Amino acid sequence: MQAPTESDISEVAGHIRREKASGLDICFHNLPAVEPPTDYVGAEDFVSRFVEFHAAHVKAAISGLTCPVAALVIDFFGTTLLDVSRDLAVPSYVHFTASAAMYALFLRLPGLHDEVTVEFEEMEGMVDVAGLPPVPPSALPLPLMEKTKPGYTWFVYHGRRFMEAQGVIINTAGELEQSVLAAIADGRCTARTEYLPRRCTHAGFSTATQARAIAHGLERSGHRFLWVLRGPPPAAGTGQPSDANLVELLPEGFLERTKEKGMVWPTRAPQKEILAHAAVGGFVTHSGWNSILESLWFGVPMVPWPLYAEQHLNAITLVASMGVAVAMKVDRKMNNFVEASELERAVKALMDGDSDDGRKARETATELKAVCRKAVEKGGSSYSALGRLSEEMRQGAVPAIPFLP
């Protein structure tokens, strides 16, 4: 992790100015600066401890408000702040931006920690999470694969503390993840004693070896494509990919041979606008939850190519639970490498009319497009859930709180 750059600070400040000028009744409170941890191991350790260091300032800020306080809404790495909500008797909610499947795994994790005494990749069989198909241990998020690391400890900690919150706000629609949401609501995920021509798009950055494999796979698939190819981050730890050097990354002659069939885009692309285009028939995606929701919103079936975070679990969900994707073999032990022949097979299966898997994914994606849009309409599941949340917060609001040191 790196401290925010001047560019980052300027971007956040600009966002705050725009929100203040929007006319919405939003106030921003700047908390006093704290020294970030320097002896952290991994992003999970850094973020969780950095949030914890702000607890006293958060408590003081809430105590200093002159208006009633409806709730404290925390990020899923911010469960240490549940102590603040308890001390002030303010209702708390977890804002979980990933899938309900990932939330269910978090809830299940404290129980798994007690039940599975070896590393997950050494366990026999599958990981059981209520509401989900059997999960291969290899599909678990990377921090869970090394129990001796602080990242694993924090995941277990957050999963245990989620149950202390008044509720959870999950970035999903009820119809997309019915079985797992039912399991969460029933308490079955917690620790238990018994209990035009079409194109295929690809987004992401690659090493030269992987980029050449992708190029060969796309070329041999015979389908038209838009390939968003990014380069590695310009500096270690910065996170954001750079613009791709196509000469260095692509096989010789590839652009010339495919110029009538495809396009390679080396800079950041407008993903939502691309997915909305009628020519897009499939999406090779790294399976981030936001990208999944955008793809489903436009009814685009997928080929999951997970890399990190919860993406491997999302890939399992897309194929086995939702049925909106064609599976592709990803070698996680080889830095998530995919062979050219495997990419070729998956793209053909998704796009060709004679593939049962592809036909099912295309049909289901079209169905879920309507489901997503209906969910946010008046009377839809997400619309109604947000209304219930608003009313619950309004009813649970507490008067202005005197400062409690």
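The values are calculated or read from the model by the stated rules, or taken from the named source; none is laboratory data. This structure is a prediction, so every number in the text was calculated from the model and none was measured. Cβ placement follows ideal geometry from the backbone for every residue including glycine, while neighbour counts extend to all protein chains displayed. Side chains included, ligands, DNA and RNA excluded: accessible areas come from the protein's heavy atoms. Shrake-Rupley method; radii C 1.70, N 1.55, O 1.52, S 1.80 Å.
At-a-glance table
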item: One residue from Met302, Met322 being in contact with a strand residue (DSSP E or B) (Cβ under 8 Å, 6 or more places away or on another chain) and at pLDDT 95 or above; result: Met302
item: Within the range 1-112, helices (runs of 4 or more DSSP H) holding 1 or more residues that are touching a Leu at 6+ places or on another chain (Cβ under 8 Å); result: 43-53, 55-63, 82-88
item: Test: Ala309 is at pLDDT 95 or above and either open to solvent by less than 20 Å² (accessible area, probe 1.4 Å) or closer than 23 Å to Thr97 by Cβ (or both); result: no
item: Residue within the range 47-56 that is surrounded by 15 or more Cβ atoms within 10 Å (Cβ to Cβ) and acidic (Asp, Glu) present; result: yes
item: Condition check for Leu249: under 28 Å from Gly42 (Cα atoms), at pLDDT 90 or above and either open to solvent by 40 Å² or more (accessible area, probe 1.4 Å) or not polar (S, T, N, Q) (or both); result: no
item: Count of residues meeting criterion [in a strand (DSSP E or B) and surrounded by fewer than 21 Cβ atoms within 10 Å (Cβ to Cβ)] in the range 140-189; result: 3
